[in-house]
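What follows is a short report on a single structure.
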Amino acid sequence: MKKVIVTVGMTEKNYSAHVNIGEGIAVATGKTFDELKKQMSEAIEFHLEGMREDGDKIPAVFGSKYELVYHFSTESLLRHYSGIFTNAAFQRLTGINQRQVQRYVSGESKPREAQVRKIELALHNLGRELLAVEL
């Protein structure tokens with residue numbers, strides 16, 4: 001199954017996403033990430049339908065089954081998981097001060113590349129640790 005990259009970001013109150021489709025782009029927003037995923041799937045199908053009607057060439061990836069892979073901005077990822085991880089938990093995982101984490105969540109400031117990698121590494125380490133759990 002081919003993968004289609006969907007870039008996820010934030011507006012003031014919503015998640016936003018876009019995906020390049022040939023010469024065009026499909027966009028969507030949603031108050032929740034689940035709503036965004038639904039809207040994105042519908043936007044892609046709507047875009048492809050328009051391309052078919054116009055006789056445009058459909059990119060090969062959309063010619064068979066494909067999987068949408070969501071690439072989050074740091075802000076959208078932290079906001080998405082804010083109901084699961086508190087800022088204190090992110091501080092314990094990453095070593096980044098809680099106040100700074102909150103600035104990232106709110107979009108007040110953008111993390112430097114080193115901070116992004118630190119967050120990514122901490123989450124990957126947590127994921128590996130959880131995969132090793134047996135109950």
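Readers should treat all values here as calculations from the given coordinates under stated rules, not as data from a laboratory. Since the structure is predicted, the reported quantities are computational estimates derived from the model, not experimental observations. Cβ placement follows ideal geometry from the backbone for every residue including glycine, while neighbour counts extend to all protein chains displayed.
Laid out as a table, the results:
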item: Residue (of Ile44, Leu126, Gly83) at the positive-pole extreme of the chain, dipole from beta-carbon charges; result: Leu126
item: Sequence ranges 15-21, 2-8, 54-60, 121-127, ranked by mean other-Cβ count within 10 angstrom, highest first; result: 15-21, 2-8, 121-127, 54-60
item: Positive-end residue of His71, Thr11, Val61, charge dipole of segment 2-72 with Cβ unit charges; result: His71
item: Above-threshold pairs, the threshold being 24 Å between Cα atoms, out of Lys3/Lys118; Lys37/Lys65; Lys38/Lys110; Lys3/Lys110; Lys2/Lys31; result: Lys3/Lys118; Lys38/Lys110; Lys3/Lys110; Lys2/Lys31
item: The chain - percent relative contact order, Cα under 8 Å, separation 6 or more; result: 22
item: Where the Cα pairs of the chain fall when distances are cut into 5 Å bins, in %; result: 2, 9, 17, 18, 15, 14, 11, 7, 5, 2, 1
